[in-house]
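The values are calculated or read from the model by the stated rules, or taken from the named source; none is laboratory data. Keep in mind that what you see is a predicted model, and the values were worked out from it rather than measured. Don't worry about glycine lacking a Cβ; one is built from the backbone with ideal geometry, like all the others, and counts go over all protein chains shown. Remember, those area values only see protein heavy atoms, side chains included, never the ligands or the DNA or RNA. Shrake-Rupley method; radii C 1.70, N 1.55, O 1.52, S 1.80 Å.
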Amino acid sequence: MSPPLLLLQDISLTFGGTPLLTGAGLGVAARERVCLVGRNGSGKSTLLKIAAGLIDADSGERFLQPGTTMRYLPQEPDLTGFATVLAYVEAGLGPGDDAYRASYLLNELGLTGAENPDRLSGGEARRAALARSLAPEPDILLLDEPTNHLDLPAIEWLEKELAGLKSALVLISHDRRFLENLSRATIWLDRGVTRRIERGFSEFEGFRDQVLEEEERDRQKLAQRIGMEEHWLRYGVTARRKRNQRRVQQLADLRQDLRTQRRSTGNVKLNVSDAEISGKRVVEALAINKAFGAETIVKDFSIRIHRGDRVGFVGPNGAGKSTLLNLLTGQLAPDSGTVTLGAGLQFAMLDQHRESLDPSWTLAEALTGGRGDTVTVGGQAKHVIGYMKDFLFAPEQARTPVTALSGGERGRLTLARALAQPSNMLVLDEPTNDLDLETLDLLQEMIADYAGTVLLVSHDRDFLDRTVSSVVAFEGGGRWLEYAGGYTDMVAQRGKGVSAKGAANAPVAPQPAARKAPGVAPKQRAKLSFKDQHALETLPGAMDKLHAEIDRLQGILADPALYTRDAALFARTTEALSGAQAKLAEAEEQWLTLEMLREEIEG
């Protein structure tokens with residue numbers, strides 16, 4: 001293994017009398033791809049700040065190879081003091097760095113560089129900070145939640161950009177797919193200490209579960225040993241005149257070990273308060289349209305949603321996902337067309353901006369509405385402290401103001417409020433924001449067990465794959481189309497993922513200067529070969545057949561019930577469609593190359 005560029009050993013840190021890190025470590029060699037995982041509040045961001053040299057540990061060692069360049073992306077970047085975004089990004093460049101990369105990265109991230117940093121949204125500030133971190137192409141990149149506030153096109157672009165860099169990466173993220181695609185090693189921070197496995201995140205959860213199972217077995221063995229010692233203490237000592245004080249002390253030590261043994265933080269308990277069952281038809285939208293000024297948000301969209309459906313909505317930021325959600329739930333009237341809601345619907349809603357939280361509330365007031373000290377969940381009254389514990393809040397946080405909560409805590413609080421409402425339809429607008437992986441797992445299980453209907457907006461590809469039965473995707477120009485299956489199934493059917501808003505409907509322009517006939521310079525060719533001439537004449541017919549085959553396969557997949565009725569047929573059809581689209585792209589590329597060659601020869 002290569003020597004580490006960065007090494008942390010036996011790092012300890014205590015905040016407010018409570019140990020946060022108690023012997024944590026982190027090692028990064030050249031070009032390594034490491035993900036740092038752990039629960040919210042476990043100290044991941046703190047350990048990354050120690051690695052970046054921004055805060056000092058109480059004890060332990062930090063070593064950075066001399067001459068190593070490093071850049072750190074914080075969760076909340078500070079752009080104060082800069083006249084423009086471009087000036088902020090260029091300030092992160094070092095001697096000899098390519099200044100052009102600053103403009104290139106800003107353009108790729110949807111910024112011009114002329115923006116005033118004081119007027120940026122949270123998402124725009126995050127993009128500017130990403131450009132500043134990536135522009136120098138440092139030896140080590142420390143990225144704390146780089147996908148926060150990014151939409152799907154930006155997340156997928158960032159994946160490709162990071163995959164192509166020579167920098168070593170240390171990633172903190174709650175986006176499973178992002179970690180799976182980029183990581184090659186995993187460091188798990190749990191109860192103040194770190195464990196490392198030389199495998200990517202895709203294999204981490206199995207490793208974690210195995211470790212926790214072994215710990216549970218050890219605890220059970222310790223409890224059994226204590227039971228044996230107690231039996232001796234009760235029945236053996238009485239038969240002796242002289243007590244065996246050594247064994248009594250051993251029992252006391254064992255009990256103390258069991259009491260002080262640091263266990264994994266408790267699990268979030270997600271329960272939904274079910275309302276009466278809704279009618280079979282939940283939502284029916286027919287040819288609805290919505291525009292704001294000259295911008296068309298929804299154009300001629302129709303959908304029928306039945307009880308029990310789980311529908312995901314995907315698209316770039318600004319495409320109108322939340323607007324479409326509001327149209328389908330009756331909160332917003334369409335300009336034309338009709339939306340019919342089923343009988344007996346009761347909504348539980350989670351807004352992406354956490355606007356339902358009054359900053360003047362305490363945590364307990366947010367859960368009870370300021371009325372009493374109980375919460376009704378599933379038709380049963382529950383004390384607010386017990387309900388708080390279900391969502392990993394400590395009893396002493398009951399009087400904590402909402403404004404003092406972290407982003408992850410606000411996310412859990414909003415989720416707790418939404419799930420306490422009696423409902424038969426869950427409307428979740430970006431519910432995964434700021435939730436840790438374990439909470440995401442439990443939210444996924446809750447959605448799977450929910451008896452009602454779910455409408456879900458998310459940029460988390462893995463979460464969509466695990467929860468929804470169909471995906472409504474933005475196609476550009478206000479057009480939305482429903483695809484059966486999850487996000488991966490949608491990509492297979494469309495042949496691509498979600499594009500940026502301005503590029504959603506734009507064709508890819510050919511690059512004539514880069515295209516040449518394979519192996520032969522055009523100026524040296526007097527005419528096309530017989531093989532090329534034959535291909536030029538027959539390719540249009542072959543492309544027509546491929547178009548027809550693609551139309552046929554898409555017609556089969558257009559049946560929204562196919563996935564649930566015949567999953568095997570859906571898989572075969574999806575695979576065939578992907579193959580046909582690949583053949584069509586290859587044929588079009590070959591035809592374009594030969595046609596340009598013909599024109600150059602004849603010109």
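Miscellaneous remarks
- The set of residues from region 391-407 being assigned to a helix (DSSP H, G or I) and open to solvent by less than 10 Å² (accessible area, probe 1.4 Å) comprises just one member, V402.
- Where strands (runs of 3 or more DSSP E) sit wholly within region 244-333, those with at least 2 residues that are at pLDDT 90 or above, polar (S, T, N, Q) and over 26 Å from the mean Cα position of the chain (by Cα) occupy 295-306.
- Test for A571: is it under 28 Å from the mean Cα position of the chain (by Cα), without any contact (Cβ under 8 Å) to a residue 12 or more places away in the chain and closer than 30 Å to I305 by Cα: yes
- Output for region 5-48, where each listed residue is under 18 Å from T69 (Cα atoms) and buried (at least 19 other Cβ atoms within 10 Å of the Cβ): L5, L6, L8, L26, G27, V28, E32, R33, V34, L48
Residue-by-condition table, conditions (1) open to solvent by less than 10 Å² (accessible area, probe 1.4 Å); (2) in contact (Cβ under 8 Å) with a residue 12 or more places away in the chain; (3) in contact with a Pro (Cβ under 9 Å, 6 or more places away or on another chain):
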{"site": "T439", "(1), (2), (3)": "yes, yes, no"}
{"site": "Q444", "(1), (2), (3)": "no, yes, no"}
{"site": "A451", "(1), (2), (3)": "no, yes, no"}
{"site": "V471", "(1), (2), (3)": "yes, yes, no"}
{"site": "T488", "(1), (2), (3)": "no, yes, no"}
{"site": "K496", "(1), (2), (3)": "no, no, no"}
{"site": "S499", "(1), (2), (3)": "no, yes, yes"}
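- Of the listed requirements (1) modelled with pLDDT under 85; (2) hydroxyl-bearing (S, T, Y); (3) surrounded by 13 or more Cβ atoms within 10 Å (Cβ to Cβ), S529 misses just one: (3).
- Subset tally (residues that are among the aliphatic types (A, V, I, L, M) and over 19 Å from L464 (Cβ atoms)) for region 284-338: 11
- All of (1) within 26 Å of D436 (Cα to Cα); (2) touching a strand residue (DSSP E or B) at 6+ places or on another chain (Cβ under 7 Å) hold for M70 with one exception: (1).
- Among the residues here, R184 qualifies as open to solvent by 20 Å² or more (accessible area, probe 1.4 Å), within 24 Å of V37 (Cβ to Cβ) and modelled with pLDDT of 90 or more.
- Applying the condition of being at pLDDT below 85 and open to solvent by 50 Å² or more (accessible area, probe 1.4 Å) to region 353-372 and asking which residue is farthest from G318 (Cα to Cα) yields G372.
- Meets criteria (part of a helix (DSSP H, G or I), at pLDDT below 95 and farther than 28 Å from R71 by Cα) for E230: yes
- Close pairs from region 275-286: first of a type in the set (D, E), partner modelled with pLDDT under 90, Cβ under 7 Å, at least 6 apart: E276/G344; E276/N424
- Every condition in (1) in contact (Cβ under 8 Å) with a residue 40 or more places away in the chain; (2) open to solvent by less than 40 Å² (accessible area, probe 1.4 Å) is met by L106 except one, and the failing one is (1).
- Positions within region 56-82 being more than 13 Å from R126 (Cα to Cα), touching a Leu at 6+ places or on another chain (Cβ under 9 Å) and either free of Cβ contacts under 8 Å to residues at least 24 places away in the same chain or open to solvent by 40 Å² or more (accessible area, probe 1.4 Å) (or both), in sequence order: D56, D58, S59, G60, E61, R62, F63, L64, Q65, R71
- Residue in region 7-18 that is part of a loop (DSSP other than H, G, I, E, B), at pLDDT 90 or above and within 28 Å of the chain's Cα centre (by Cα) present: no
- Subset of region 541-559 (residues that are assigned to a helix (DSSP H, G or I) and either of a type outside the set (A, V, I, L, M) or without any contact (Cβ under 8 Å) to a residue 24 or more places away in the chain (or both)): G541, D544, K545, H547, A548, E549, D551, R552, Q554, G555, I556
- Test: A343 is open to solvent by 30 Å² or more (accessible area, probe 1.4 Å), farther than 19 Å from T453 by Cβ and modelled with pLDDT of 80 or more: no
- Residue count, region 127-178 (criterion: surrounded by fewer than 24 Cβ atoms within 10 Å (Cβ to Cβ) and aromatic (F, W, Y)): 1
- Of residues in region 292-307 being surrounded by fewer than 16 Cβ atoms within 10 Å (Cβ to Cβ) and either touching a residue at least 40 places away in the same chain (Cβ under 8 Å) or of a type outside the set (A, V, I, L, M) (or both), the one farthest from D462 (Cα to Cα): G293
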